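A short write-up of the structure that comes next.
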Amino acid sequence: MTPTQSPSTPRILLYAHAQLGVGHVQRSLLIAAALMERQDAACMLLACRKGLDGLRLPPGLQVAALPDWPAPDDPAGPACVRERSERIAEALRVFAPHAVLVDHLFLGLGGELAPLLASTPRNPNAPLFVIGVPYGPRPSARGPRNLGVRRAIARYDVALCYVDPRHERAAEAFERQGYLLPEERHAVGYVVESAFVPAPPQSPPLVVGLAGGGSTGVRLFRLLEAALRTRLDRGEIRLRVVAGPLGDPTASCIDASRIHVLTRAPLQQAVDGASLVVSRCGYNTAYALLRTALPVVFCPYAESGSDQIERAAALGQLDAVWDFDEKAGATSLAALIDEALGARTAGRAASLDCDGAERAAHVLASLAKRRITL
């Protein structure tokens with residue numbers, strides 16, 4: 001708590017990581033913005049430095065930047081992990097939150113939140129711990145058997161499910177695989193950026209390739225380039241790809257002379273003027289795209305443990321959305337792009353509840369008030 005804050009101001013500490021992508025941080029920023037703008041709350045974000053790079057932070061947000069998680073062979077790794085733990089403990093001591101919101105990882109990166117969860121008593125003077133659940137566990141995952149780990153996870157008081165229950169039930173997916181979630185749960189809707197209307201398409205058609213934070217983008221972009229090579233050579237189509245903050249712009253395509261490569265861009269800027277989007281199917285990008293009228297081909301990252309496969313299959317049932325398996329190759333993707341170009345959706349966005357940030361903020365502020373003593 002800072003000297004300028006009223007004792008009655010709800011204080012929310014948000015923990016997010018960007019080890020594999022920036023979606024966890026982006027969701028936390030959207031919720032923090034709603035908390036401060038709509039609920040007059042004070043917020044502090046705990047996140048890795050690389051996850052914050054280039055992101056637009058809401059005015060008034062306090063940030064405790066954590067060192068990036070070390071590589072397995074980094075000799076300074078143990079010292080870095082200790083520094084992260086010390087900064088997390090310091091943030092709780094100084095900020096004194098009424099509630100702590102953790103995005104997706106129950107125990108944090110490398111289990112770094114387990115000691116905090118295990119050592120914090122469950123009493124009116126302790127913060128409420130809230131787990132944000134954007135999607136279910138990996139299909140192969142099973143709930144922990146270790147009693148200490150189970151006890152740490154059981155410390156959570158509330159679950160916020162960032163889903164539309166008409167389409168997904170993430171909490172039940174965790175329970176089916178042996179995880180224990182809090183009894184108090186709130187399905188708040190998808191937490192995505194505000195809807196926008198992209199600039200209209202022009203001629204020749206522009207195809208945009210996206211891969212969220214970019215860590216899984218190179219293979220997709222090269223497949224897309226191969227699929228469109230002939231039409232690019234003839235000037236019949238244009239291609240723009242966004243490498244993303246975790247991607248490699250120099251490796252994102254083979255011939256950058258005929259492809260517009262952006263290192264990073266806000267989603268609206270990325271798709272302005274597009275006729276079609278070909279994208280990975282990460283949570284944030286997927287649902288934000290579905291709020292537009294653009295036709296979308298989802299090409300999910302299909303490595304073991306990816307949440308994108310089931311999401312793409314489900315969303316592929318919606319109007320002007322296609323689910324494509326990249327193993328089918330460039331020729332099949334080219335044919336699908338021909339089919340999808342020119343398609344338009346009517347009312348697709350109405351079938352999805354995308355007001356999750358506002359509802360999550362309302363729930364968190366209400367929870368914080370349980371801890372405020374006037």
Please indicate, with yes or no, whether at least one residue in segment 134-149 is assigned by TED's automatic domain parsing to the domain that holds ARG93, modelled with pLDDT of 90 or more, closer than 24 Å to ARG359 by Cα and not aromatic (Phe, Trp, Tyr).
yes
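Return the total of residues in segment 62-115 being closer than 23 Å to ALA41 by Cα and not small (Gly, Ala, Ser).
17
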Among (1) without any contact (Cβ under 8 Å) to a residue 12 or more places away in the chain; (2) more than 25 Å from GLY217 (Cβ to Cβ); (3) of a type outside the set (A, V, I, L, M, F, W, C), which single condition is LYS369 missing?
(1)
Could you figure out which of (1) crowded, with 19+ Cβ neighbours inside 10 Å; (2) within 19 Å of ARG370 (Cα to Cα) isn't true of ALA152?
(2)
Residues of segment 21-52 being surrounded by 14 or more Cβ atoms within 10 Å (Cβ to Cβ) and either more than 25 Å from SER366 (Cβ to Cβ) or in the same structural domain as ALA288 (by TED's automatic domain parsing) (or both), which ones?
GLY21, VAL22, GLY23, CYS48, LYS50, GLY51, LEU52
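Evaluate segment 188-210: report whether one residue or more is in contact with a His (Cβ under 6 Å, 6 or more places away or on another chain), assigned by TED's automatic domain parsing to the domain that holds ALA365 and either surrounded by 20 or more Cβ atoms within 10 Å (Cβ to Cβ) or among the hydrophobic types (A, V, I, L, M, F, W, C) (or both).
No, segment 188-210 contains no residue that is in contact with a His (Cβ under 6 Å, 6 or more places away or on another chain), assigned by TED's automatic domain parsing to the domain that holds ALA365 and either surrounded by 20 or more Cβ atoms within 10 Å (Cβ to Cβ) or among the hydrophobic types (A, V, I, L, M, F, W, C) (or both).
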Being closer than 30 Å to ALA159 by Cα and not small (Gly, Ala, Ser) is the requirement here; does THR285 meet it?
yes
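The values are calculated or read from the model by the stated rules, or taken from the named source; none is laboratory data. Computed from a predicted structure; not experimentally measured. With ideal geometry, Cβ positions are generated from the backbone for all residues, glycine too; neighbour counts draw on all protein chains shown.
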